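Undergrad: This is the structure I have questions about; it appears just below.
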Amino acid sequence: MMMWNIFIFPIVCLTLSILYNYYYGTPINIVENPANNYDYIIVGAGTAGCVIASQLSKSGNASVLLIEAGGYFKWFSSVPLAAPLLQGTEANWAYQTEPQTFSSIGLRDQKQFVPRGKGLGGSGQMNYLLHSFGIPEDYANWPVGWSYADLLPYFKRTEDAMVVTTVSVKEELARAFHNAGIEIARENTSLILARHTLKNGARWSSYNAYLNKAWDRENLHILINTFVTKIIFDKLTARAVQIQHQNGTMDRIKANREIILCGGAFNTPQLLLLSGIGPANELKKYRIPVVSHLEKVGENLFDHLNVPIYIGLKTPVSVTLNKLMSLSEIFKYYAFGSGLLASTAILGTGITGHSGIVFFGMGSADESLLKDIANYHTTVKTSTDFGRMFAFHPTFEQTQSVISFCGIQTFRAIFPSYANSKQEGFIYLANCLQPKSRGRVTLGSSHFSDPPIIDPRYLQNDYDIACTHKAINLAMDTLRTRQFMELGVTPHIPNLDECNHLKPDYSNLEFTKCLTRTAGLTSHHFGGTCQMGNRHDNRAVVDEHLRVIGVNGVRIVDASILPSPISGMPNSVIIAMAERAADIIMKIK
């Protein structure tokens, strides 16, 4: 095995890198010196930007410039289970949240790490590839033209463009989960096998499905490693973007028709604010000239907060680190695009009302990697830390009962398999699919290179606690079904110092409340910061045609326009919305 690691593995990596570049190609329309003007300028080559660039350039009748702050993703971005590894590279914006008051107690400085894709394909190149359109009720209060029924043709178009695979019921853990859904069989509750956007065992994102198709179009130019620093307005009409090239030189490029922002839930509101669109008081604080006072830019930020629940197994049917690193699995992936590495290890999802679970069929965990990307504590805390962390407790006595504990190691408490690469087990991620807590994104400074201030305000609304408790109950219900019991499941109850004053039982709301506030992690499903609505809705930043209200020539197409969360993973919804947005822009609908 040592000889394999030293000599063979690097050769495999080099070969995969060559094959990746051959298979996915290099765009011939990457430019270093763009033209002075284009019909459409798209800011951000993420999930939506790749779709918009491909669709607007398809007819050949319009010139399109796609600007991306990053470059290319490394070859291992194509390996489904390699997603966490990308968080430690230059392909990650590497944002952090502000210290959270009501959550993230087990995280260093009570901050969540917020990975966002920086490069062609954006976060679609580093997510877990789950395919979902949510449920019809998610769209009930969206503006005219954006109901579930309105989007159905675009859902179909998305599935035609993407390659969607479903986890096989032949896998023993997947079959147990599927049968648990049948056995539980209650109203408003369903367990389904996971669907992924995978092709031949490799990641398949909008970068692959859309932008690759536009590689050779003469009317599409792609500018990489380039920052858009602000939008230039003539009175209330957007005329150009100001950019900074990789070498530091500044330039302006004119837009003949429109500028389309596809930077995501953080970068899009940041760019609007830097360009003078947003709350006037916020802009004046940084001496940014006000182009248009738009109160809700950066507001309405939401996300799903996942609570990890570790389940031990007696039967060897899960994914383990030991299995992943075996010569046979690496050979299967390298030679045939199959095996454990060709999956994300996510086997299913469940929903009951507004509460949801994700079924991750892997038990062993790499402490050195996961504790850092999750920002979990592994050090002793002081009484001062505990006092700050438990500010949400209503009484002095409750606070003091917890302050007396120290030496907590959150990661090891949550993941008992941290030191055992052969450990069989799986993890449920329990969350509230329709949280009521809302945060905001604001400027950190007036300079484009400084990160925005991100404050999700997780769990500020107590509804989210009760909603997550129901999700945890659903997870526990599955473990009491026949096939799971035959596999020898044992739910692990973490010994968290913060929660030791409570009865350690998943049915105990006070215990799960403490667990959720201590160990909950971002699901990376951020949205809502440039909310879509009608022009008379004082909560809206864009109208139903995705035009920024109060100015001309700017639209937004990304997760920031979502009025409310999706009951599932939003990536495929963003692709469908981008398909419809392209039709709107081209006046097809």
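Undergrad: If you find the alpha carbon centre of segment 204-255 and of segment 543-582, how far apart are they in angstrom?
TA: If we compute the Cα centre of each part, the gap is 19 Å.
Undergrad: Let me ask another. Just read off the accessible area of TYR154 with the full protein assembly in place, 1.4 Å probe, to the nearest 10 Å².
TA: 0
Undergrad: So, counting K/R as plus one and D/E as minus one, what does the shell of residues with Cβ under 13 Å around LEU273 add up to? Display every interim value, and only then the final one.
TA: On the way: positive: LYS230, LYS284, LYS285, ARG287, LYS296, ARG440; negative: GLU282, GLU295, GLU299, ASP450.
Charge balance near LEU273 sits at +2.
Undergrad: State, to one decimal in nm², a quarter of the convex hull surface area for the C-alpha atoms of the chain, i.e. the direction-averaged projected area.
TA: Mean shadow area of the hull around the Cα atoms is 26.3 nm².
Undergrad: Can you compute the modelled spin-label distance between SER59 and THR237, with each label point 7 Å from Cα toward Cβ, in nm?
TA: 2.1
Undergrad: In addition: Using only Cα atoms, what Kirkwood radius does segment 405-511 have, in angstroms?
TA: Working: mean 1/r = 0.0586 Å⁻¹.
When all Cα pairs of segment 405-511 are included, the Kirkwood radius is 17.1 Å.
Undergrad: Using label points projected 7 Å from each Cα along Cα→Cβ, tell me how many nm separate GLU171 and ASP39, to one decimal.
TA: Placing both labels 7 Å beyond Cα along the Cβ direction yields 4.4 nm.
Undergrad: Using Stokes-Einstein with the Kirkwood hydrodynamic radius over Cα pairs, what translational diffusion coefficient do you get for segment 248-387 at 10 °C and a viscosity of 1.306 mPa s, in µm²/s rounded to a whole number?
TA: Answer, rounded: 75 µm²/s.
Undergrad: Less than 11 Å Cβ to Cβ from ALA82, Lys/Arg counted +1 and Asp/Glu -1: what total charge do the surrounding residues give? Mind dumping the intermediate values first?
TA: Values: positive: LYS74, ARG203; negative: none.
Computed value for this residue: +2.
Undergrad: Provide ARG217, ARG203, ARG239 ordered by accessible surface of protein heavy atoms (probe 1.4 Å), highest first.
TA: My answer, sorted largest first, is ARG239, ARG217, ARG203.
Undergrad: Straight-line reach from LYS58: which lysines fall under 28 Å, measuring Cα to Cα and dropping same-chain residues less than 8 apart?
TA: LYS58 reaches LYS74, LYS118, LYS156, LYS199, LYS213, LYS230, LYS254, LYS587, LYS589.
Undergrad: Next up: On average, how much accessible surface per residue is there in the chain, in Å², for a 1.4 Å probe, leaving out ligands, DNA and RNA?
TA: Per residue, the chain has an accessible area of 41 Å².
Undergrad: Less than 17 Å apart at the alpha-carbon level, and either on another chain or at least 8 residues along: which lysines does that give for LYS503?
TA: Candidates past the 8-residue exclusion: LYS513.
Undergrad: For segment 432-589, give the percent of accessible area contributed by carbon and sulfur heavy atoms, probe 1.4 Å, rounded to a whole number. Write out the running numbers ahead of the final one.
TA: Working: 2710 of 5530 Å².
Answer for segment 432-589 is 49 percent, counting heavy atoms of protein chains only.
Undergrad: Between THR189 and ALA149, what is the label-point separation in nm under the 7 Å Cα-to-beta-carbon projection?
TA: It works out to 3.1 nm between the two label points.
Undergrad: What do you get when you divide the Cα radius of gyration of segment 183-289 by 2.2 N^0.38 Å, with N the number of residues?
TA: Ratio of Cα Rg to 2.2 N^0.38 Å: 1.60.
Undergrad: What's the local net charge at SER364, with K and R +1, D and E -1, over the other residues with C-beta under 11 Å away?
TA: Once all neighbours under 11 Å are counted, the net charge is -1.
Undergrad: For the chain, what is the calculated [θ] at 222 nm in deg cm²/dmol (nearest 500), taking -39500 (n - 2.57) for each run of four or more DSSP H residues and dividing by its residue count?
TA: -8000 deg cm²/dmol
Undergrad: Heavy atoms only, probe 1.4 Å: what % of the accessible area of segment 52-134 goes to carbon and sulfur, would you let me know? Mind showing how you got there, number by number?
TA: On the way: 1230 of 2510 Å².
Here it works out to 49 percent.
Undergrad: In whole Å, largest first, what are the principal axis extents of the Cα atoms in segment 41-148?
TA: Per principal axis, max minus min of the Cα coordinates gives 54, 39, 25 Å.
Undergrad: Taking all protein chains in place and a 1.4 Å probe, what share, in percent, of the accessible surface of segment 184-291 do carbon and sulfur account for?
TA: Result for segment 184-291: 45 percent of the exposed heavy-atom area is carbon or sulfur.
Undergrad: If the reach is capped at under 16 angstrom between alpha carbons, list the lysines near LYS111, excluding any in the same chain fewer than eight residues apart.
TA: By straight Cα distance, LYS111 reaches LYS371, LYS381.
The values are calculated or read from the model by the stated rules, or taken from the named source; none is laboratory data. As the structure is a prediction and not an experimental result, all values here were calculated from the model. Heads up, the Cβs are rebuilt from the backbone with ideal geometry, glycines too, and the neighbour counts pull from every protein chain shown. Just so you know, the surface numbers come from the protein's heavy atoms only, side chains and all, with ligands and any DNA or RNA stripped out. Shrake-Rupley method; radii C 1.70, N 1.55, O 1.52, S 1.80 Å.
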